[in-house]
Amino acid sequence: MTVPDFTSLSPLRIGTRRSPLALAQAEMAAAAIRLAHGFAEDAVILVPMLSMGDKIQDRPLSEIGGKALWTKELERALVEDEIDIAVHSMKDVETVRSPLFILSAMLPRADVRDRLIGARSIEELPHQAKVGTSSPRRAAQLKALRPDLVTVPIRGNVATRLAQVDAGEFDATLLAAAGLDRLGQSDVGTNLAPETILPAAAQGAIGIDHLAKRDDLALLLQPVNAWATFTAVSAERAFLEALGGNCHSPVAAHATCSVATIVLRGEILAEDGSERQCGSLEFAVDDSEGPPRLATELLERSSDRLRRLFMSSRPNP
C-alpha cells in the first residue's frame, strides 16, 4: 500500500476559538494528528480566533443566533484558506450545515455527564435556589425535577461561571464534566447521572471538520477518528435533525454503540419542565431510520403544546 505524502500540508493549520477550553481541545486534536503521522511539533499549528459567541456575553445564545455563533468564524476561515481544519465541541455544531463542510473525525469521547456546581445534589439545593444556565435543556430538566428552582441566564467561559457561583451571584450552575476535566478541574462539582439529567446530544465529543472538497484532509484524519464516538454522535445528531428543534427547544440525547447495534436514548421537554417525554430505541448501526423513529415516537406521545416546539421546523417525511 502506498503511504500518502502529507508534506504539502506542513504546517497543518488548525482553527480554534480562543477560549481556554477550545484551545485545550484543539491541542488534543493536534497531538492526535502528530502521533498518528509522526509529525514534528511545528508541523501542526493552532490558529486561534474570536467567534461572535465569544464577543457577545450579555445575552443567551438562543436570542442572538444560536450555535452558529461558535462556528461561523471558523467556517469563514476554512473558505478563505486561512486554516486547513477546524476543531469544535460537537454539541456546539449546528445539526444542519452547509455542504461546503464535512466532519471527518471525532476524538474519543470524554465524560458525557453534566456536573452540578454549588451543591452536592439537586435535592440539596435550597428552596427557590437561583441556578445559572443559558441552556434551555438544562433549565427545563431542572424545573422538571424541582419546579421551585429559579433558572437565570449565565454566560462566559468556565472560569467566569465558577467565579460567579463562588461570589454568590448564583446558588449553583451546571457545566459539562468533559470541559472541566479537560481544564484539569476533575475535582470540581458533582457528576449527575444521565438517568437524572440526560446530556445534550454530542456532549463530550470533539469534532474535526474541513472543506468537503479536500479529500486529502479526509484521508489525513482517518487514523484519528474514533469510530464508536463518531457513530454514536452521528445518531444523536440525526435524532435532533428529525425532531426539527432549534436552539430554543429543550432536547437531550445519548447513544452508545457496539459493533452491530446502537442504543439511543432521547428526551424532549416543555420549556418550563411541566412535560417530559423520554424513550430509547435499539437499532442496527447501518439503520439510518433509527433516530427518526425515536423522534417520531416521542412527538406522537407529546401534547400539542410540546409538539409545537419542534414540529414547525421538522423535516418532511
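Computed from the coordinates by the stated procedures, all read-outs in this text should not be read as laboratory data. Because the structure is a prediction, the values reported are computed rather than measured. Here Cβ is always computed from backbone atoms with ideal geometry, including for glycine, and neighbour counts include all displayed protein chains.
Divide the volume of the convex hull of the Cα atoms of region 204-269 by its number of residues and quote the answer in cubic angstrom per residue. Mind showing how you got there, number by number?
Values: hull volume 7.9 nm³, N = 66.
Residue-normalised Cα hull volume stands at 119 Å³.
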Seminar exercise, completed: For region 104-199 the trypsin sites (Lys or Arg not before Pro) that pass both the DSSP coil test and the at-most-13 other-Cβ-within-10 Å test are Arg120
Problem set entry | Approximate shape of region 114-192 as ellipsoid semi-axes (Cα gyration tensor, √5λ), whole Å, largest first | 19, 13, 12
Seminar exercise, completed: In the chain, helical segments from DSSP H whose Cα atoms cover 15 Å or more along their own axis and that average at least -1.0 on the Kyte-Doolittle scale are 20-37, 68-79, 227-243, 290-301
Exercise. P(r) for the chain: what percent of alpha-carbon pairs falls in each 10 Å bin, starting at zero?
Worked result: 6, 26, 34, 24, 8, 1, 0
Seminar exercise, completed: Semi-axes in Å, largest first, for region 236-311 (Cα gyration tensor, √(5λ)) are 23, 11, 10
For this session: Would you mind telling me the antiparallel percentage of the DSSP bridges in the chain, rounded to 5?
Result: 70 percent
For this session: Starting from the Cα of Val259, step 7 Å along the direction of its Cβ; do the same at Ile45; then give the gap between the two resulting points in nm.
Result: 4.4 nm
For this session: Mind putting a number on the dipole of the chain about its Cα centre? Charges go on the C-beta only, +1 for Lys and Arg and -1 for Asp and Glu, and I need it in Debye to the nearest 20.
Result: 560 debye
Exercise. What's the center-to-center distance, using Cα atoms, between region 15-41 and region 77-147 in Å?
Worked result: 20 Å
Problem set entry | Pairwise centroid distance, computed over Cα atoms, of region 221-239 with region 279-296, Å | 15 Å
For this session: Please find the FRET efficiency linking Val152 to Ser10, where r is the Cβ-Cβ separation and R0 is fixed at 41 Å, and quote it to the nearest 0.05.
Result: 0.30
Seminar exercise, completed: Stretched fully, the stretch from His127 through Val96 gains (0.36 nm per residue minus C-alpha distance, one decimal, in nm) 7.2 nm
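Tell me, in nm to one decimal, what length is gained between His248 and Met311 on full extension, where the rule is 0.36 nm per residue of separation less the Cα-Cα distance?
21.4 nm
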Seminar exercise, completed: The FRET efficiency for Ser288 and Arg76, from their Cβ-Cβ distance with R0 = 30 Å and rounded to 0.05, is 0.45
Problem set entry | Sparsely packed GluC sites (Glu not before Pro) within region 72-170, loop by DSSP, other Cβ within 10 Å at most 10 | Glu80, Glu123
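Any chance you could count the Lys pairs in the chain whose alpha carbons are under 17 Å apart, treating pairs 8 or more apart or on different chains as valid?
On the way: Lys55/Lys67; Lys55/Lys72; Lys67/Lys91; Lys72/Lys91; Lys130/Lys143.
Value for the chain: 5.
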Problem set entry | Spin-label pair Asn191/Glu169, simplified geometry with 7 Å Cα→Cβ offset, distance in nm | 2.9 nm
